[in-house]
Structures are given as structure tokens and as C-alpha cells.
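For reference, the structure discussed in these notes is given below.
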Amino acid sequence: MTIAQTAPTALELSYGELYARVQHFYAHHMHLLDSGAAEQWAATFTEDGVFAPPSAPEPIAGRRALAEGAREAKQRLDEIGEQHRHVLVSLALDPADADGVLTARTYAQVIATPRGGAPRLDMMCVTHDQLVVRDGEVLLRHRRVTRDDRP
Amino acid sequence: MTIAQTAPTALELSYGELYARVQHFYAHHMHLLDSGAAEQWAATFTEDGVFAPPSAPEPIAGRRALAEGAREAKQRLDEIGEQHRHVLVSLALDPADADGVLTARTYAQVIATPRGGAPRLDMMCVTHDQLVVRDGEVLLRHRRVTRDDRP
Amino acid sequence: MTIAQTAPTALELSYGELYARVQHFYAHHMHLLDSGAAEQWAATFTEDGVFAPPSAPEPIAGRRALAEGAREAKQRLDEIGEQHRHVLVSLALDPADADGVLTARTYAQVIATPRGGAPRLDMMCVTHDQLVVRDGEVLLRHRRVTRDDRP
């Protein structure tokens, strides 16, 4: 069995296979963030991955900074007793470009549930992502997020 | 390379390929509507495509009327300063019938975010669609929408 | 045509095919529950399927008990005039184990719409499922649900 067979690149996978793997990736990626697995979440980015959230004054770059940001965010939520869920839906996925980079866009719902209380739709966003497939694994290279309340 | 290879019909695609393409289609379709790209949105219907929304007294038929309706809806939202998002989830997709027509059903959340305000779940609906695949491209032939608040 | 071709097992399907079939399964499964098709909903479980919801004192086992629970839940909703929708999103799907059992996790939104009123996000949950593929058909063997308001 060759490496190519065990670890296909984005260019070797059919659209359906890519689409399923990206959807699974997003689910896993957000399960990690929402459960506070900050280092594992950061590892779903490339080494030099960039996250440009609407709340940060400048983009967060690299796994160390990403993990630190996720850890701090989770700590704040634990202090106020809220569980947040980042739900990425409505995935528009462009086929890989010549370099194997995938461009993806999703709608993102942030749902907050206080301990013992009712859930609320906290924020509605759009994500603009660049993804790569390395050794058969999807990784996030760049994410920009826009908020619907700030047009 | 033959046409069949570059532009498979619904009957030639595996279920997984079809499912992925329909999910991508829905995401793209609603990104266009929600961003106000009325003509491009209308072009995701077949030439004689029909949209039977719960709000209209009778179905809207054909791309020209569809584009006009989308343009007017976007204008009203711009006037009140709201961004709406149509999120289609829970896709049940039947395999193509003998004519290559796909039957699909989704749950549809309409999420409204006022400028500077919190998002709200505005409406919960169910979509009942007929789709076709032409030249490898998914198109919407008929959509009927029911609202959960009007049983 | 052999049986293996018409009815592949979980181990014979590609990841993309499995992912699509599980997504379709979840959509169909919840359409049945939400529309009150209690027996058909129960039949999407294996014969000895188990459902451990957060609201029940102990797990519900077997199709007869599952159908009864679904019927009673629908009756209560009809009495108060609410339509509920169970929206499973953010599917993380592990490939089949050696026995062909699939492990899946989703975020689950329960959306309630009173007759003539506005929808509300009623509950935010996480589902933890074991699924099997029998005669080409996905079936639910075990579901455990956790609620975000009860950490």
C-alpha cells in the first residue's frame, strides 16, 4: 500500500469525500473548543494557522497563541457558568485549487446555555476559511469571521 | 474526456456524491439570497422553477419573478436594518427517480439579526423540494415551504 | 448482483458514503419523531435499541417502549399546541470498528413553535450514538443524550 492510498490529498479525493471530511472536521474542531480542549483545538489549525475573530483587535497566529486564547475563553465561560456551542452549518465548499487549498464558507450560530437556564442564540456569524489536507487529515490554515450585527 | 464524465447526471452519481452536492447547493443558494444577489439566486432555480412560500398568496414562477421577489425582500430588510439567514438543515434526500428528479426535505431556520442587536430565531419551517442535476449542476425545480406556527 | 453489492455493510462503504447516509438517517429519524410517526420512528432503532434521554429516570429499551414514549410525547405537545423540531447538527462520525459499529456525536437543538407564535430554542443537547448498518440501512443501537443546562 502506497502513502498516496492511505493519505490522499485534497486533489485526489472526490467532492463527496472532501465534503464529508470537512463537515466532520468542523464538528470535531468545535467539540474540542466547546469542551475546553484548548491544545487539541489549536492542533486542528496548521502550525502557522491564523484565526481572525471579530472580537480580537488583530488576528491570532500560531498554535500556541490559539490554545491560549481558547483556554482563556473557556475559563471566562466557566466563571459565569455558561456552556457555549459553536454550530457551523450551511457549508459552501469550493473544490481544491491547484495547490490543494480548499475555500469554505459557513453560517455559524453561537448558542449559550447558562447552568439551569434556557439556551439563547448568542451570535450569528459567517466563517470564511482556507483548509488544507495533510497526510489525509483536514487542517485549518486561515479563518476570518464576520458578525451579522456589525454590517 | 466525454461529457458524461465531466457532467454526470443524478442517476450516475453515488448517494454520497449527490448528498454532498445538494448540501453545497443549499448553502450557496441561501448565501446568495441572504446577501441580496437576487439574479444569481434566481438562477439556482430551473428556468421555469416554482417557489411556493407560506407568505405569498400564490406560487412565484420563473426566474424573473423569483429575482424580483428576492430583490424586494432584501430591500425591506435593508430598510429595517436586519440581516436574515436562511439555514437549511436535517436534509432527507431521496435517490433520483427514473427521470433523475430528486426529492428533498429540510428543516429551515430563519435567523434575524438587527444591526447592533442580538439575533433571534424568527421562523421555523419545513422545505419540500424537487431538484434536478443539469450539466453536473444542481438546480431547484419546485419548492414548497410550510411554517411550524401554522399547522 | 450479489447481496454484498446491493446491501453494503459499514465496513464496505467509503467515509463519504457513510457520512451522507448517517446524515440522511438522522434527518429522516427526526422527521418521523417530530411528525408523530411513533412506530416508524421506533423502527429506526435496532430491535433492542436503547434511548437514554436526560428526562427519563432510566433508559428506554426496545421498539415497543420507544414507540410508546414517542406517542405520549407527541400527544403532550398536541395538547399544548406546540410543534417541536429536533435538529441534529455538527456530526462527528468515527469510522466503523471491527464489528461494523459506528460511533457518532452531534449537537442537538430542540426548537419549539407554539401555534400562532414565535419559535424558541427550547433545549441544547449533545447526542452520543452507536449506529449499525444492516442490509444497507442505518439503524440506531444506542443513544445517550446530555443537556447543556445540566453540567
Within region A:76-99, how many residues turn out to be small (Gly, Ala, Ser), more than 11 Å from chain C (Cβ to nearest Cβ) and exposed (fewer than 15 other Cβ atoms within 10 Å of the Cβ)?
1
Filter region B:111-123 down to residues that are within 11 Å of chain A (Cβ to nearest Cβ) and buried (at least 18 other Cβ atoms within 10 Å of the Cβ), then give me how many there are.
6
A:Leu13 closer than 30 Å to B:Leu91 by Cβ, facing chain C (nearest Cβ under 9 Å) and modelled with pLDDT under 95:
yes
I'm trying to understand the selection: among the residues of region C:32-56, which are more than 20 Å from C:Leu77 (Cα to Cα) and loosely packed, with under 13 Cβ neighbours inside 10 Å?
C:Glu47, C:Asp48
Of all residues in region A:61-116, how many are in contact with a Ser or Thr (Cβ under 6 Å, 6 or more places away or on another chain) and of a type outside the set (Ser, Thr, Tyr)?
7
Search region A:134-149 for residues being under 30 Å from C:Pro95 (Cβ atoms) and not in a strand (DSSP E or B), and hand back the single one that is farthest from the other protein chains (Cβ to nearest Cβ).
A:Asp135
Taking region A:124-145 as the region of interest, how many residues are over 11 Å from the mean Cα position of the chain (by Cα) and crowded, with 17+ Cβ neighbours inside 10 Å?
5
Kindly list, by first and then second residue, each pair from a residue in region A:86-104 that is free of Cβ contacts under 8 Å to residues at least 60 places away in the same chain to a residue that is among the charged types (D, E, K, R) and surrounded by fewer than 20 Cβ atoms within 10 Å (Cβ to Cβ), limited to pairs with Cβ atoms under 7 Å and residues at least 6 apart or on different chains.
A:Ala92/A:Arg105; A:Thr103/A:Asp94
Please go through region B:95-133 and give me each residue that is part of a strand (DSSP E or B), among the basic types (Lys, Arg) and farther than 21 Å from B:Tyr19 by Cα, ordered by number.
B:Arg120
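The values are calculated or read from the model by the stated rules, or taken from the named source; none is laboratory data. Since this is a predicted model, take the numbers as computed values, not measurements. Here the Cβ is made from the backbone with ideal geometry for all residues, glycine too, and neighbour counts use every protein chain on show.
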